[in-house]
1. Roughly speaking, to the nearest percent, how much of the chain's 1.4 Å accessible area is carbon and sulfur?
2. If you line up the long axis of helix 13-35 against the longest principal axis of the chain, both from Cα atoms, how many degrees apart are they, to the nearest 10?
3. Taking the Cα centroid of segment 7-63 and of segment 104-165, what is the distance between the two, rounded to the nearest whole Å?
4. Taking only C-alpha pairs under 8 Å that are 6+ residues apart, what is the relative contact order of segment 13-241 in percent?
5. For labels at ALA168 and VAL225 in the simple 7 Å Cα→Cβ model, what's the distance in nm?
6. Can you give me the distance in nm between label points at ALA101 and ASN12, each placed 7 Å from the Cα along the Cα-to-Cβ direction?
7. Can you count the Lys pairs in the chain whose Cα atoms are under 22 Å apart, with each pair 8 or more apart or on different chains?
8. Translational D (Stokes-Einstein, µm²/s) of segment 1-111 at 25 °C and 0.890 mPa s when Rh comes from the Kirkwood sum over C-alpha pairs?
Amino acid sequence: MGHELATIAPGNYVAFTFFIGTMAMMAASVFFFLELNTTPTRWRTSVLVSGIITFIAAVHYYYMRSYNLETGESPTFFRYVDWLLTVPLMCVEFYLITKKAGATIGLLWKLIIASIFMLVTGYIGEAMHGQDASSWVWGTISSVGYAYIVWLVWAGDIAKLAKSSSPAVAAANRYLGWFVLVGWAIYPLGYILGTTGGLFGNQMVADPKAAQYSMDIVYNIGDAVNKIGFGLVIYMLSRKES
Ligand SMILES: *C/C=C(C)/C=C/C=C(C)/C=C/C1=C(C)CCCC1(C)C
């Protein structure tokens with residue numbers, strides 16, 4: 001095979017969502033970066049981090065799109081590299097909005113370590129055990145890290161600090177909390193769909209290739225909703241409190 005131009009065939013929804021994902025992440029990054037000019041100083045770092053999150057995703061999506069198009073495979077490794085960079089940055093957003101109310105670096109580390117734990121164990125389950133029954137064990141272990149983040153944001157220190165902060169910060173934390181509780185729950189769903197013959201010994205999707213494809217589509221939707229959604233919540237906060 002020479003170097004032919006890979007094109008997206010009609011009906012190839014996987015490649016199409018990678019393409020749309022690239023565009024959406026790029027557009028969001030341009031928006032957040034350009035809006036920095038008119039963002040009050042206090043919120044500039046937060047909006048900058050929003051732009052960095054979607055920019056990192058845009059670069060990965062650009063790569064994952066061609067990887068998927070040319071190999072027909074899931075870009076699992078680069079998916080997790082993307083998440084390992086962007087999810088800790090989403091944790092930084094929680095720290096930044098509650099910093100004025102007293103959030104410590106120690107609290108930021110709790111969030112970051114929990115997110116890395118969630119992602120590394122998820123990667124082990126997906127990349128090494130995606131075809132066997134122990135994938136559900138890794139998925140469950142990963143969910144412990146996820147549950148801890150949900151708890152910190154809804155009931156733990158982040159929730160307490162946000163409540164003691166301004167009404168705008170408290171409201172932003174609630175919105176972000178919904179993204180973490182509902183938006184992030186999209187990912188374990190993709191994980192279950194992609195686990196061929198592994199989850200509780202059941203095959204969710206009969207064809208291994210179809211299982212992989214549905215997983216990628218679900219992850220791509222999750223990323224667009226969560227990364228851009230997070231950024232917009234932060235952006236709205238920066239406009240409410242100026
Ligand atoms: C921008 C990317 C984001 C917000 C990615 C979030 C990913 C997760 C919340 C993944 C969670 C998982 C579980 C809770 C169990 C199964 C394995 C994972 C890694 C898919």
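1. On the chain, the fraction of accessible area on carbon and sulfur atoms equals 71 percent.
2. 20 degrees
3. Taking the Cα centre of each part, segment 7-63 and segment 104-165 sit 24 Å apart.
4. In percent, rounded to a whole number, it is 23.
5. 2.8 nm
6. For the pair ALA101/ASN12, the computed spacing is 4.7 nm.
7. Going through the chain pair by pair, I get 15.
8. For these conditions, the coefficient is 155 µm²/s.
The values are calculated or read from the model by the stated rules, or taken from the named source; none is laboratory data. For clarity, every value in this text was computed on a predicted model and none was experimentally measured. Cβ atoms come from the backbone with ideal geometry, glycine included; neighbour counts cover every protein chain shown. When the accessible area is computed, the model is the full protein with side chains, heavy atoms only, and any ligands, DNA or RNA have been set aside. Shrake-Rupley method; radii C 1.70, N 1.55, O 1.52, S 1.80 Å.
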